[in-house]
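The values are calculated or read from the model by the stated rules, or taken from the named source; none is laboratory data. Small disclaimer: the values here were computed from a predicted structure and weren't measured. Cβ coordinates were reconstructed from backbone atoms using ideal geometry, including for glycine residues, and neighbour counts include every protein chain displayed.
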Amino acid sequence: MSFNAAAADYLRGRPPYPASVFALLTARCGLRPGARVLDIGAGAGLATGLLLAAGASVTAVEPGADLAGILRSEHPAADVVVSDFETAELTGPFDLATVATALHWLDPVAAIGRLSHLIEPGGWLAAWWTEFGDTARPSRFRDRLDAVYHDLLPGESGYRESRPRSLQTEHWTEVLTGSGHFGDLEIEIDDWHQTLDGGTARELWSTFPNIRELAPPAREEFLSRLAALVDEEPGGTVDDPRQTVVYTVSRTTVPAGSATSR
């Protein structure tokens, strides 16, 4: 629940998801005015707001009471359910379920099994993550930041050796399609960047669980050194790479088909 403990930081610090995600949901997954959408692990509503803006009727599930309070305040049109997804009282069917940077927090077998009952045949499930950094686009800032991680979080792998969770495609293909309830998998990747200054870098890293869970003196040291690295970049800003990786599958009554990636 470290996200809930930093609810206000999460609202300020996390960047919006790129518009390409919602264009994909519109083109492929039936996002449209009147669509019934289940938004799982909605947090402060980064995805919820854009689903509502597309005209969908949104049920947003969020287990953190503080985050749910922000969600209700920011997006009063959403039906907010404060609960873990696995035990939430939900009435389907839904045309589309979305899981934005949250599927890894769920029990995959239980979650996919439940979604197979909540999403009507022909409906869709979309799960995506934004990765903060891209090993294919290294930078001086990221290399220098590794030294801060080494000092304060020595158990973590270096930046260039990390493997993003969302790009473990064999794992997520099995999670999403292994039960046979979902098929027609596609994977879309949007490469972009976020421009950070020292303050926005502090706000963003304050939302990461491994930073939140440091002892307060160590957390402050990490954030201060992070901000100083950004301040030392030309112009006091850094263009930090981002990748948003989107998995979409359709609800089917036949065994899942083959996966495609583009």
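List of remarks:
- THR98 being on the phi < 0 side of the Ramachandran plot, at pLDDT below 95 and either crowded, with 23+ Cβ neighbours inside 10 Å or not aliphatic (A, V, I, L, M) (or both): no
- Enumeration of residues in region 147-192 that are surrounded by 15 or more Cβ atoms within 10 Å (Cβ to Cβ), more than 20 Å from ARG28 (Cα to Cα), in contact with a Lys or Arg (Cβ under 9 Å, 6 or more places away or on another chain) and modelled with pLDDT of 95 or more: VAL148, LEU152
- Complete set of residues in region 1-60 that are surrounded by fewer than 22 Cβ atoms within 10 Å (Cβ to Cβ), charged (D, E, K, R) and under 12 Å from the mean Cα position of the chain (by Cα): ARG14
- Taken over region 121-131, the criterion of being out of contact with any helix residue (DSSP H, G or I) (no Cβ under 8 Å at 6 or more places or on another chain) and surrounded by 13 or more Cβ atoms within 10 Å (Cβ to Cβ) is satisfied by GLY123, THR130.
- Counted residues, region 137-182 - those being without any contact (Cβ under 8 Å) to a residue 12 or more places away in the chain and either touching a Cys at 6+ places or on another chain (Cβ under 8 Å) or among the small types (Gly, Ala, Ser) (or both): 3
- Hey, ASP134 surrounded by fewer than 16 Cβ atoms within 10 Å (Cβ to Cβ), at pLDDT below 95, out of contact with any Gly (no Cβ under 6 Å at 6 or more places or on another chain) and of a type in the set (Asp, Glu) or not: no
- Selection within region 100-128 - in contact with a Phe, Trp or Tyr (Cβ under 8 Å, 6 or more places away or on another chain), closer than 13 Å to TYR247 by Cβ and of a type in the set (Gly, Ala, Ser): ALA100, ALA126, ALA127
- Search result, residues across region 144-158 that are of a type in the set (Asp, Glu) and touching a Gly at 6+ places or on another chain (Cβ under 9 Å): ASP146
- In region 127-222, counting only helices (runs of 4 or more DSSP H) that sit wholly within it, the ones holding 1 or more residues that are in contact with a strand residue (DSSP E or B) (Cβ under 6 Å, 6 or more places away or on another chain) span 140-152, 169-177.
- Being crowded, with 18+ Cβ neighbours inside 10 Å and touching a Phe, Trp or Tyr at 6+ places or on another chain (Cβ under 9 Å) is a condition met by no residue of region 212-220.
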